[in-house]
Amino acid sequence: MLAIDVTELFFSYSETSVLEDVSFSVEEKEFVAIFGPNGGGKTTLLQLLMGFLKPARGKIHLFGKAPKLIRQCIGWVPQNFHFDRHFPISVQEVVLGGRLSLGGWRYTSADRKAVKASLERVGMEKTLHAPFASLSGGQQQRVLIARALVSNPSLLLLDEPTSGVDHVAEKEIYALLGELRKEMTILMVTHDLNRAVESVDRLICVQKSVTQMPKEKVCEHFALGLYHSKETT
Ligand SMILES: Nc1ncnc2c1ncn2[C@@H]1O[C@H](COP(=O)(O)OP(=O)(O)OP(=O)(O)O)[C@@H](O)[C@H]1O
Ligand SMILES: [Mg+2]
């Protein structure tokens, strides 16, 4: 079964058309990178996959079902995680937030256990009680990945998980994703194509429409700073 199956999808924010006639699919356990210019519609596409936005036209199926019905099987690492720097939210509380999608109103001991297991998976278990704001950018990203993993997702969606982190942290995040890909389907938005090309199975360019590209072609075009495919030049 396909993990993601999108057909003839259209989406606009009121007057602004953002995605037009988008069709693509992702196999189970594939690791796919999404790239494209700023404002190209990458985050919007992830939000449609999460069922947070509704397509104007077209269909989205995740593991054969509508996004809303399967949201608890999706782990999401947002592009901007908003938290109040002056309010001391702990790492544990951040990761517990990922259990809310399972529908409970109170956290149980099973939730706390899952939080610990999830932090262990990303190598951040020692920070359980640390204030989230006290962590480095790379550590915060790993905690956010733990938050996405805490509901045991089959599909992991990451929106620029390595933006603003240093090279060491970036390498660690890729190593972690390299492990996670054995167990789940991963779709990751990134601007760092050189690194992505080394790690992913396939790349998809989102610029209003979607173009699937073989890795070799992306390399060549990234070097030129272009976002369109060869046929259109
Ligand atoms: N909530 C919104 N209301 C109206 N327009 C929006 C909204 N969110 C995004 N847009 C517009 O939709 C377009 C696509 O935005 P989106 O955030 O999906 O792009 P992106 O590819 O993720 O960009 P970036 O690389 O900067 O993260 C942009 O023109 C943006 O200004
Ligand atoms: Mg974005």
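The values are calculated or read from the model by the stated rules, or taken from the named source; none is laboratory data. Fair warning: this is a prediction, and the values are worked out from it, not measured in the lab. All Cβ positions, glycine included, derive from the backbone under ideal geometry; neighbour counts span all protein chains shown. Note: accessible area is taken over every heavy atom of the protein model, side chains too, but ligands, DNA and RNA are not part of it. Shrake-Rupley method; radii C 1.70, N 1.55, O 1.52, S 1.80 Å.
For the reader, a short list of remarks on this structure follows.
- The set of residues in region 166-177 being surrounded by 14 or more Cβ atoms within 10 Å (Cβ to Cβ) and within 16 Å of the chain's Cα centre (by Cα) consists of 170, 173, 174, 176, 177.
- Within region 7-22, the set of residues being open to solvent by less than 50 Å² (accessible area, probe 1.4 Å) and touching a residue at least 60 places away in the same chain (Cβ under 8 Å) comprises 17, 18, 19, 22.
- Some residue of region 54-68 being over 30 Å from residue 133 (Cα atoms), in contact with a Phe, Trp or Tyr (Cβ under 6 Å, 6 or more places away or on another chain), open to solvent by 80 Å² or more (accessible area, probe 1.4 Å) and in a strand (DSSP E or B): yes
- Selection of first residues in region 35-49 that are farther than 16 Å from residue 156 by Cβ and assigned to a helix (DSSP H, G or I) and of second residues that are open to solvent by 10 Å² or more (accessible area, probe 1.4 Å) and near ligand 1 (Cβ under 6 Å from one of its atoms), restricted to Cβ pairs under 7 Å at least 6 apart or on distinct chains, gives the following pairs, ordered by first then second residue: 44/18.
One line per residue, one yes/no per condition, for (1) open to solvent by less than 50 Å² (accessible area, probe 1.4 Å); (2) in contact with a helix residue (DSSP H, G or I) (Cβ under 9 Å, 6 or more places away or on another chain); (3) under 28 Å from residue 214 (Cα atoms):
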| residue | (1), (2), (3) |
| --- | --- |
| 28 | no, no, yes |
| 37 | yes, no, yes |
| 40 | yes, no, yes |
| 74 | yes, yes, yes |
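- Residue count for region 141-165 under the criterion of being open to solvent by 20 Å² or more (accessible area, probe 1.4 Å), farther than 18 Å from residue 72 by Cβ and part of a loop (DSSP other than H, G, I, E, B): the result is 4.
- Any hit, region 17-36, residues being within 16 Å of ligand 2 (Cβ to nearest atom) and more than 26 Å from residue 162 (Cβ to Cβ): no
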